[in-house]
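Structure first, then comments.
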Amino acid sequence: MDKKKCFELGRIIRPHGLAGEMVILLEVDNPEDYLDLDTLFIEKKGQLSPYFVESLHLQPNGRALLALEGIDSIEAAQALSQLAVWLPDSYLPELEADEYFLHELVGYEVLDEKIGRLGVVENVYELPTENALVLTYQGAEVLILMQSQWILNLDKTAKKIEMRLPEGLLEVYTQPQTAADKDGEDEMEQ
């Protein structure tokens, strides 16, 4: 299975009991949409391996108990602990025209209304208060919050995000620190 055509459903946390059942954290908006799975993919060393689902029972806090065919001991379950679980994109729910999945934004071109092209989204961090786009601009990794007032247009067809970034945001990442800045940091540390 090609990882580029899949999304990360969650992560196996740990074994549950002695018979191979596992606790999985479902990192999706509606975990109940995925209760009837027949197959899922587990990422091992960058490759996706298929597993047949025997049972999946929701628990509180986005967790579920998962039983897989062929995994019938605590040792076998332990070997899968902390591994990511994936599904093909075809399992994703349908979206409205103005909606998107965060993982879809990877590869989108980011443009600022004044500066122009900034770079391509390399990753999207899901932060507690706001999601952030990650890209490389002038050789530096830059995080740009996805605040609605900064996003002018998100074009899914052209794979472009047009933004109005606040003055000085990019300079925080690209300007070298001055000696005065470093002295100020040293004073704060003392």
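Every number here is computed from the coordinates shown, using simple stated rules; none is lab data. For clarity, every value in this text was computed on a predicted model and none was experimentally measured. With ideal geometry, Cβ positions are generated from the backbone for all residues, glycine too; neighbour counts draw on all protein chains shown.
Some observations on this one:
- Of G107, T39, L65, farthest towards positive along the dipole that unit charges on Lys, Arg, Asp, Glu beta carbons give the chain: T39
- Of the GluC sites (Glu not before Pro) in segment 12-105, those whose Cβ has at most 13 other Cβ within 10 Å and which sit in DSSP loop: E69, E94, E96, E99
- Segment 121-154 and segment 65-113: distance between their alpha carbon centers, rounded to Å: 20 Å
- Antiparallel DSSP beta bridges within the chain, percent to nearest 5: 90 percent
- With the alpha-carbon atoms of segment 20-128 aligned to their principal axes, the span from lowest to highest coordinate is 59, 30, 26 Å, starting with the largest.
- With each label modelled as a point 7 angstrom along the Cα→C-beta vector, the N30-E113 pair spans 3.5 nm.
- Lysine pairs within the chain, Cα separation less than 26 Å, 8 or more sequence positions apart or different chains: 18
- Fewest-first sequence of I42, I144, I13 by Cβ atoms within 10 Å of each Cβ: I13, I42, I144
- Taking 7 Å steps out from each Cα toward its Cβ at Q59 and S90 produces label points 3.1 nm apart.
- Furthest towards positive pole of dipole, A19, S148, N30, structure part the chain, Cβ charges: A19
- Computed from the alpha carbon atoms alone, the convex hull of the chain holds 184 Å³ per residue.
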